[in-house]
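The values are calculated or read from the model by the stated rules, or taken from the named source; none is laboratory data. Bear in mind the structure is a predicted one, so any value in this text is a computation, not a measurement. Neighbour counts are summed over all protein chains in view; Cβ atoms, including those assigned to glycine, are modelled from backbone coordinates with ideal geometry. What goes into the accessible areas is simple: the full protein's heavy atoms, side chains included, and nothing from ligands, DNA or RNA. Shrake-Rupley method; radii C 1.70, N 1.55, O 1.52, S 1.80 Å.
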Amino acid sequence: MFIRRGKSLYAEGVAVSTLAENLGTPLYVYSESQLLKNYRAYETGFARLPHLVCFALKANSNLAVARTFAREGAGADIVSGGELYRALLAGFSPAKIVFSGVGKTREEMKFALNKGIYCFNVESVEELQALNQTAGNLKKKAPVALRVNPDVQADTHHHITTGTKENKFGIPKSQILDAYETARKLKNINLIGIQAHIGSQITSVAPFERFLNVMLDLVDQLSARGIYLDHLDMGGGLGITYHKETPPTPADLARAFEPRLKGRALKLLFEPGRFLVGNAGILVTQVLYRKRTGHKTFVVVDAGMNDLARPALYDAYHEIVPVSKNGSVRETVDVVGPVCESGDYFAKARHMPYPEQGDYLAIQSAGAYGFAMSSQYNSRPRAAEVMVSGKAWRVVRKRESLEDLIRGEK
Ligand code: LLP
């Protein structure tokens, strides 16, 4: 939905330069149609299997983005009381909310129990006991899936791998049956599922197939012990194209899953974040200065690592394109931000059209873990966010002010 018409980059029916001129930069721009397209790809891909797609709010917790999915009937995957608060405001039904995370507090458990969420993804036996007590105090039963660490390699960046024995997530496969036995004896726990998440930005089907095999094997071992589950939650992780990756589609996954799930009454849950929002957002920034040092050419832009941390944190690749194509001279440059850190860059040794001072650049595939991970580091007010729908646009988060920077301080 971000397409070039002539020289100009458009977000659906709106010229990105118009948005930048009206709203300033740095600016996150989202395409509503792309959000819907991504969500519907999951829905149609898995149409033949009973399923629920729970949007992982951590990828982009803007209320308008979340509401777009809520209106479609999606569920939500949350990891904090804050995300529960947002999910409810965005209009998700509590009956479709799953709560993940290794460190839920009793306060957060209470909040979620009182709202009647669909399921807690519990990651340790101690957490299970805390949840059992908290539910008992409220005279409620907590619906639970245990998160297993399946020890499956996700073939992705080590910072975003979560399902191997090196990671803090879940209960080791070797202990999971015992954990279910413990859980079934707890009075205020209602076992309804099993969950895992093996990592993020996965660009082939194979890790998901290995993962499904492990999970189905566990489901069978549990039913042999008389523990019958309603659902199997396969987490998130489906990758997107940042550079040259060709990730599978949800339909590709579904085709691999279908034969293995035939004849089972299990409902499938998914917790996609990146796939739903990643390519539906860009970060627009303006070129402040250029400088040639003799050794390198730097393009200094007005967005920084505080706005988009992925390159600094993971050495992540994001395509950078001119918003308006002017000159055709290409050069090898480093695109850097204004933050006082050497890690504050968006591209290194990138061969790209050499921009003029004042030009707008679009950093692509920035809709996931972009604004959501942004900060005010260097006392930089956070960027504005705008949602485009056809020819219409609306600011869905206004740019922060200097007063916002000091809110709550004395
Ligand atoms: N479910 C659980 C339990 C998760 O931990 C995550 C992501 C998801 C679902 C959603 O995963 P996705 O579909 O987006 O891959 N900040 C990193 C990614 C961290 C992912 C954390 N967990 C990045 O920018 O690449």
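Observations on the model:
- Among the residues of segment 305-329, those identified as at pLDDT 95 or above, away from the ligand (no atom under 16 Å from the Cβ) and not hydrophobic (A, V, I, L, M, F, W, C) are Pro322, Ser324.
- All conditions in (1) over 30 Å from Glu258 (Cα atoms); (2) loosely packed, with under 15 Cβ neighbours inside 10 Å hold for Ala47, with the sole exception of (1).
- Residue ID - nearest to Arg397 (Cα to Cα), chosen from residues in segment 269-304 that are in a helix (DSSP H, G or I) and within 9 Å of the ligand (Cβ to nearest atom): Val277
- Any pair with Cβ under 6 angstrom, 6 or more apart, that starts in segment 202-218 at a residue that is under 17 Å from Ala251 (Cα atoms) and ends at one that is within 14 Å of the ligand (Cβ to nearest atom) and part of a helix (DSSP H, G or I): Phe208/Leu253
A quick yes/no check of all residues on (1) open to solvent by less than 50 Å² (accessible area, probe 1.4 Å); (2) assigned to a helix (DSSP H, G or I):
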position	(1), (2)
Phe120	yes, no
Gln129	no, yes
Ala145	yes, no
Ala183	yes, yes
Asn190	no, no
Val214	yes, yes
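- Meets criteria (closer than 27 Å to Ser401 by Cβ, open to solvent by less than 30 Å² (accessible area, probe 1.4 Å) and either within 16 Å of the ligand (Cβ to nearest atom) or part of a strand (DSSP E or B) (or both)) for Val53: no
- In segment 73-87, the condition of being outside the structural domain of Val395 (by TED's automatic domain parsing), surrounded by 16 or more Cβ atoms within 10 Å (Cβ to Cβ) and in contact (Cβ under 8 Å) with a residue 40 or more places away in the chain is met by at least one residue.
- With respect to being without any contact (Cβ under 8 Å) to a residue 40 or more places away in the chain and in the same structural domain as Arg48 (by TED's automatic domain parsing), Ala224 fits the description.
- Answer residue from segment 319-335, given it is buried (at least 21 other Cβ atoms within 10 Å of the Cβ) and either without any contact (Cβ under 8 Å) to a residue 24 or more places away in the chain or under 28 Å from the mean Cα position of the chain (by Cα) (or both) and is farthest from His243 (Cα to Cα) among those: Val323
- Looking at segment 355-410, the strands (runs of 3 or more DSSP E) lying wholly inside it that each contain 2 or more residues that are exposed (fewer than 12 other Cβ atoms within 10 Å of the Cβ) and at pLDDT 95 or above sit at 392-397.
- Qualifying residue in segment 125-142 (condition: within 25 Å of Gly236 (Cα to Cα), of a type in the set (S, T, N, Q) and assigned by TED's automatic domain parsing to the domain that holds Leu63): no
- Test: residue in segment 19-40 that is free of Cβ contacts under 8 Å to residues at least 12 places away in the same chain and surrounded by fewer than 21 Cβ atoms within 10 Å (Cβ to Cβ): yes
- With respect to the conditions (1) farther than 27 Å from Gln364 by Cβ; (2) touching a helix residue (DSSP H, G or I) at 6+ places or on another chain (Cβ under 6 Å); (3) aliphatic (A, V, I, L, M), Ile240 falls short on a single one, namely (1).
- Residue satisfying condition, being within 15 Å of the ligand (Cβ to nearest atom), assigned to a helix (DSSP H, G or I) and in contact with a helix residue (DSSP H, G or I) (Cβ under 6 Å, 6 or more places away or on another chain), within set Tyr28, Tyr39: Tyr39
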